[in-house]
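J.: Below: one structure in structure tokens.
The values are calculated or read from the model by the stated rules, or taken from the named source; none is laboratory data. Remember, predicted model here, so these are calculated numbers, not experimental data. Virtual Cβ from ideal backbone geometry, glycine too; neighbours counted across all protein chains shown. To get the accessible areas, we keep the full protein, side chains included, count just its heavy atoms, and leave off ligands, DNA and RNA. Shrake-Rupley method; radii C 1.70, N 1.55, O 1.52, S 1.80 Å.
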Amino acid sequence: MSEQEKPKSFMQELDQWTEANVIEPLIDSEQEFNAGETLEDTITRVKKAIRAKMLESYRNGQQAGPRVAKAPQRGGR
């Protein structure tokens with residue numbers, strides 16, 4: 001299975017999302033400032049994106065339901 005065919009882990013997807021929705025907008029804010037968006041506008045947009053992602057994660061956790069604790073396994077034979 002090639003690297004592109006492997007499913008991404010949650011953390012890999014989160015890193016990719018963070019790069020696209022947090023890091024890049026902040027880095028690009030100087031260019032966007034020239035297009036009429038202020039740094040404060042960029043920060044507001046980034047905060048909204050983070051809140052939306054957190055809400056999505058929370059809702060996914062709610063849909064999954066409570067975790068069932070596994071009984072501890074004792075070392076034995």
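J.: Give me the pairs, please: first residue somewhere in the stretch 4-20 and open to solvent by 100 Å² or more (accessible area, probe 1.4 Å), second residue anywhere and assigned to a helix (DSSP H, G or I), beta-carbon distance under 8 Å, and either six or more positions apart or on two chains.
T.: Pairs that qualify, where the first residue is open to solvent by 100 Å² or more (accessible area, probe 1.4 Å) and the partner is assigned to a helix (DSSP H, G or I), are LYS8/GLN16.
J.: Could you please find all residues in the stretch 26-77 being within 22 Å of PHE10 (Cα to Cα) and touching a helix residue (DSSP H, G or I) at 6+ places or on another chain (Cβ under 6 Å)? Outline the logic, then answer.
T.: From the stretch 26-77, those within 22 Å of PHE10 (Cα to Cα) are 46-69; that's our starting set.
Within the stretch 26-77, VAL46, ALA49 qualify.
J.: Mind listing whichever residues of the stretch 21-53 are among the polar types (S, T, N, Q) and surrounded by 14 or more Cβ atoms within 10 Å (Cβ to Cβ)? Step through it out loud before you land on a result.
T.: First, pick out the residues of the stretch 21-53 that are among the polar types (S, T, N, Q): 21, 29, 31, 34, 38, 42, 44.
Across the stretch 21-53, the qualifying residues are ASN21, SER29, THR42.
J.: Another one. How many of the residues in the stretch 1-47 are under 21 Å from SER57 (Cβ atoms), outside any loop (DSSP other than H, G, I, E, B) and at pLDDT below 85?
T.: So the count comes out to 0.
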